[in-house]
Amino acid sequence: APFLLLCFRTSPVTPLIFGLLLQPPLTQLSIIKQPNIVLLMADDLGIGDVGCYGNDTIRTPNIDRLAKEGVKLTQHIAAAPLCTPSRAAFLTGRYPLRSGMDAVNNYRVIFWNGGSGGLPPNETTFAKLLQQQGYSTGLIGKWHQGVNCESRNDHCHHPLNHGFDYFYGMPFTLIGDCQPTATPEMDIAFRRKLWLYTQMIGLVTLTAALGRLTGLISVCWKTLTCLAGFSLLFFVSWFSSYGFVRYWNCIMMRNHAVTEQPMVTDRTTSLLLKESISFIERNKHKPFLLFLSFLHVHTPLLTTEKFLGRSRHGLYGDNVEEMDWMVGQVLDAIDKQGLQNATLVYFASDHGGWLERQEGKRQLGGWNGIYRGGKGMGGWEGGIRVPGVFRWPGVLPAGTVIDEPTSLMDIYPTVVHLAGGVLPQDRVIDGRDLMPLLQGTVEHSEHELLFHYCGIHLHAVRWHQKDSGAIWKAHYVTPVFHPPGAGACYAKGICPCFGEGVTHHDPPLLFDLSRDPSEAQPLSADTEPLFDTVLRKIGRAVEEHRRTLTAVPEQLSVYNVVWKPWLQPCCGTFPFCWCDKEDDN
């Protein structure tokens, strides 16, 4: 059945059979046009959390199965160490600052569904190019690339405006505020300051009023009225947004319609899995692209009762094991429809694990194995080196491990090429087609250099010296860890990209990752004869790279990030936004 289906999709039967007879066994299916493409992306998963990458205490048999039956990349690099910019790069094949999706300030991700920033409509995602090639395209799960620009229903940043035929999931990202029993986490330090200022203004107003009543302070009632009005206005101005985070950000949508506001977290996992399998079943007779963007393993670590207490690593381990089970369910659905030989499956994480995410002694973030740093750190390997696994039986050699530098941006040209599409010619595409490397027809990655940004700030550069096998990495900026000697910014919650929280290095810190993947021992002119030569080469590459950059609107500017009530998605008449259409169904 699957073989007949493949024949039906491509060319007449006789030429196909003749072509197959002329091919060696390993590449028999490589002539199949337009394979199904299933992209599985975890949220905040550390490379050290997965069995096939060395973890022997968290059970991930289904992800491990993908690696056993396909190709595992050991140097797979995210273009940014946080959700919004990393996913923008993944969708467009371009460094996020090219689309304005990297931050100039400390607001480094989309903060509100009711903000005006997001993936610009003039960016061309791989979904849009596959849609033009006749693919059915679906996104299930997390988006976090914005919703509206100028009005509540313009949906300029919405997945359906970026090439997806179908969307079910969160337009935002999972946060602690979404679960009533979890600790709020969205902009918590700023919220504390706002509450403190409100109390101070209220105390001044109350003191003035009491002084006026007792005759101790000479102040007119008009002044008191203005002061009281200012106090109330200040409180309403911030509490109208931060006081209702669960209603404004924790929502579920089906296409353009809000289905849950706020979301009912107890059933989110089962609904996302059900939607994913249903999408595969509905589109089994034509080529499809399914992007399953997991809410796992971002806090508050929504985990069903079936998986609670099963792992040796508390709630975080439970959540990873549940996500792995979901991967298995999707693979089973592909196999059940007889599509395994016609489907390229890819699994990755959007960036490294969140080291600072703790509650007391409980670790709620991931582990990045031997690699230094984590989420939020644009230069250190732990923030950007992620799992990367491909499976396509009969086309990709099973059990292969590739140590070459690759990028999440490479998915863009890879899937566009497989779909028979053409890359945009009017812009720089930073990704490279991975198929020759994955199939073993070339020895080296096309990436000679990769640039590692934290916001718009260049923190590090990687140079793959192919003739020697060395992988040089120069750090221009590194975060200052808190407390001193720690491996992360525990005092801040996440490391900054600029300001007093970073150290600038001149000359840059230099490592050879082929000998020191943990970036433990920086090299010097005394210990490395090529020290000056390597830094000169990387310096020239940075200058050339910067000449390819053009000014674009900043999608994460303060204006674009702040909450705007007129842009807030709402399933009722604003501000009365609450519904549960899933329960009604």
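The values are calculated or read from the model by the stated rules, or taken from the named source; none is laboratory data. Keep in mind the model is a prediction, meaning the values are calculated, not measured. Methodologically, a virtual Cβ is constructed for each residue, glycine included, from the backbone with ideal geometry; neighbour enumeration extends over all protein chains shown. With ligands, DNA and RNA removed, areas are computed over all heavy atoms of the protein, side chains included. Shrake-Rupley method; radii C 1.70, N 1.55, O 1.52, S 1.80 Å.
Annotations for the structure displayed:
- On inspection, L224 qualifies as touching a Lys or Arg at 6+ places or on another chain (Cβ under 7 Å), open to solvent by less than 80 Å² (accessible area, probe 1.4 Å) and assigned to a helix (DSSP H, G or I).
- Checking each residue in the stretch 512-566 for being outside any helix (DSSP H, G or I), within 26 Å of R108 (Cβ to Cβ) and of a type in the set (S, T, Y) picks out S518, T548, T550, S557.
- The criterion of at least 2 residues that are more than 27 Å from H351 (Cα to Cα) is met by the following strands (runs of 3 or more DSSP E) wholly inside the stretch 239-338: 257-261.
- Scanning the stretch 576-585 for residues that are assigned to a loop (DSSP other than H, G, I, E, B) and either in contact (Cβ under 8 Å) with a residue 60 or more places away in the chain or in the same structural domain as C149 (by the TED database) (or both) returns C577, W578.
- Within the stretch 497-521, residues that are farther than 14 Å from H457 by Cβ sit with their Cβ atoms under 7 Å from residues that are open to solvent by less than 70 Å² (accessible area, probe 1.4 Å) and modelled with pLDDT under 95, at 6+ positions apart or across chains, in these pairs: S514/G469.
- A search for C-beta distances below 9 Å between a residue of the stretch 434-449 that is at negative phi and any residue that is in a strand (DSSP E or B) and of a type in the set (K, R), counting only pairs 6+ apart in sequence or on different chains, returns H447/R462; L449/R462.
- Strands (runs of 3 or more DSSP E) wholly inside the stretch 348-457 that include at least 2 residues being open to solvent by less than 10 Å² (accessible area, probe 1.4 Å): 385-391, 449-454
- Unique match (being modelled with pLDDT under 95, farther than 21 Å from V236 by Cα and within 21 Å of the chain's Cα centre (by Cα)) among G100, G118, G146, G176: G176
- Qualifying positions in the stretch 531-546 - over 28 Å from H157 (Cα atoms) and free of Cβ contacts under 8 Å to residues at least 12 places away in the same chain: D532, T533, R536, G539, R540, E543, E544
- Residue match in the stretch 278-294 (condition: among the hydroxyl-bearing types (S, T, Y), modelled with pLDDT of 95 or more and either closer than 27 Å to T60 by Cβ or not assigned by the TED database to the domain that holds D335 (or both)): yes
- Among the residues of the stretch 111-156, the ones that are open to solvent by less than 20 Å² (accessible area, probe 1.4 Å), closer than 12 Å to L567 by Cβ and either touching a helix residue (DSSP H, G or I) at 6+ places or on another chain (Cβ under 9 Å) or not assigned by the TED database to the domain that holds A80 (or both) come to 10 in all.
- Residue in the stretch 232-252 that is open to solvent by less than 70 Å² (accessible area, probe 1.4 Å), β-branched (V, I, T), farther than 30 Å from V562 by Cβ and in contact with a helix residue (DSSP H, G or I) (Cβ under 6 Å, 6 or more places away or on another chain) present: no
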